[in-house]
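*Asks:* Encoded as structure tokens, here's the structure I'll be asking about.
The values are calculated or read from the model by the stated rules, or taken from the named source; none is laboratory data. Here the structure is a predicted model, which is why all the values come from computation and not from measurement. Glycine also receives a Cβ, built like all others from the backbone with ideal geometry; neighbour counts cover every protein chain displayed. Just so you know, the surface numbers come from the protein's heavy atoms only, side chains and all, with ligands and any DNA or RNA stripped out. Shrake-Rupley method; radii C 1.70, N 1.55, O 1.52, S 1.80 Å.
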Amino acid sequence: MAAPQPSTDPIRPTAERRVALVTGAARGIGAAIATELHRLGLRVALLDRDDTGARALAKALDPDGDSAMAVRADVGDPEETENAVRAVSSAWHSPDVLVNNAARTAPGSVWDVELDEWDALMATNLRSVLVLTRLCAPPMRERGWGRVVNLASLAGQQGGLVAGPHYAAAKAGVLVLTKIFAQELAPHGVTVNAVAPAAVRTPVMDELPAEALRRAADRIPVGRFGRPDEVAALVGHLAGDDSGYITGATLDVNGGSFMR
Ligand SMILES: NC(=O)c1ccc[n+]([C@@H]2O[C@H](COP(=O)([O-])OP(=O)(O)OC[C@H]3O[C@@H](n4cnc5c(N)ncnc54)[C@H](O)[C@@H]3O)[C@@H](O)[C@H]2O)c1
């Protein structure tokens, strides 16, 4: 691919100057996505409630802070989220690329989940996608270019319960919100897609017994867990200029665990 040329158009930044906001970027898949987008030449804002982890990665990416910054927010809190987006917009400009990656799991039975816990997880895993897209997409629409990538899950397609019933329901909601926003924004140069991973090796799995991990890996057609950088490579493509005809799609990164 040809190197991006400096733009003379002030409202349409080139890839060199584009700003990406990645939520849940302190570790795991979000950290890999932030690293990949930075490698591709974007300025990257790493939003996380874990400020220490996000700061450490931002510093590792760019010690001067010109092209990587950490912003602390809980995506379940709309006010904190809005303040974080405002901080990024005033430091650089409003994001050209938004990656809604932050989420948490809550294993448990559909019969036992507390209603408060259901609502809290929905706020983090689903409502945050609504809130952040409504904050970031209008300026993208005005500029006539933007990319939104939402991290979904195999659980949201198949009703897998390992991560919790409300987790699966929220991820199913993410898939539908992706299509709703994709339809709204398609005529304006803004694409909205979902990436649905399964069994990607992140720190969360280190807590599981080795034998359970081995048995789980054996059930995956490719015979191994995925790597965060394999998800990040796809997100990097979706965040670029060459993906303008892909929108409203759900792209699986699951080693063949679920084939449409
Ligand atoms: N790892 C997998 O196999 C897998 C499978 C399917 C889907 N996913 C999805 O991929 C995404 C990343 O998963 P991961 O495995 O890297 O997760 P992870 O738990 O390793 O990392 C999640 C990050 O999000 C942050 N975060 C969580 N809640 C937050 C909140 N309320 N506000 C701000 N930050 C918050 C955490 O601090 C952490 O840095 C998630 O959306 C997850 O549902 C992962």
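*Asks:* Give the range 130-156 a look and list any residue that's within 15 Å of VAL192 (Cα to Cα) and either near the ligand (Cβ under 10 Å from one of its atoms) or in a loop (DSSP other than H, G, I, E, B) (or both), or say none. Spell out the reasoning first.
*Replies:* Here is the first cut: in the range 130-156, the ones within 15 Å of VAL192 (Cα to Cα) are 130-141, 144-152.
Scanning the range 130-156 gives GLY144, TRP145, ASN150, LEU151, ALA152.
*Asks:* Can you pull out the helices (runs of 4 or more DSSP H) entirely within the range 157-260 that have at least 3 residues that are at pLDDT 95 or above and within 23 Å of VAL129 (Cβ to Cβ)? So that I can check it myself, show each step before the final result.
*Replies:* Working: elements: 165-185, 210-218, 228-238.
By residue number, 165-185, 228-238.
*Asks:* Next question. So which of THR23, THR52, THR35 ends up being under 15 Å from the mean Cα position of the chain (by Cα), modelled with pLDDT of 95 or more and open to solvent by 40 Å² or more (accessible area, probe 1.4 Å)?
*Replies:* Values: THR23 fails: open to solvent by 40 Å² or more (accessible area, probe 1.4 Å); THR52 fails: under 15 Å from the mean Cα position of the chain (by Cα).
Going through THR23, THR52, THR35 in turn, the sole match is THR35.
*Asks:* Hey, another quick one. What number of residues within the range 109-125 are open to solvent by 40 Å² or more (accessible area, probe 1.4 Å) and either within 23 Å of ILE33 (Cα to Cα) or assigned to a loop (DSSP other than H, G, I, E, B) (or both)?
*Replies:* Total meeting the criteria: 5.
*Asks:* Give me a count of the residues in the range 60-76 that are out of contact with any Asp or Glu (no Cβ under 7 Å at 6 or more places or on another chain) and open to solvent by less than 50 Å² (accessible area, probe 1.4 Å).
*Replies:* Within the range 60-76, the subset out of contact with any Asp or Glu (no Cβ under 7 Å at 6 or more places or on another chain) is 60-67, 69, 71, 75-76.
From the residues that got through so far, the ones that are open to solvent by less than 50 Å² (accessible area, probe 1.4 Å) too are 61-62, 65, 67, 69, 71, 75-76.
Looking only at that region, the number is 8.
*Asks:* Pairs needed: first member in the range 138-160, free of Cβ contacts under 8 Å to residues at least 60 places away in the same chain; second member anywhere, part of a strand (DSSP E or B) and away from the ligand (no atom under 13 Å from the Cβ); C-beta distance under 6 Å; at least 6 residues apart or different chains.
*Replies:* From the range 138-160, the pairs are MET140/GLY146; MET140/VAL190; ARG141/VAL190; GLY146/VAL190; VAL148/LEU98; VAL148/VAL192.
*Asks:* A follow-up question, please. What is the one condition in (1) open to solvent by less than 30 Å² (accessible area, probe 1.4 Å); (2) more than 16 Å from the ligand (Cβ to nearest atom); (3) under 26 Å from VAL110 (Cα atoms) that PRO209 does not satisfy?
*Replies:* Only one criterion is unmet by PRO209, namely (1).
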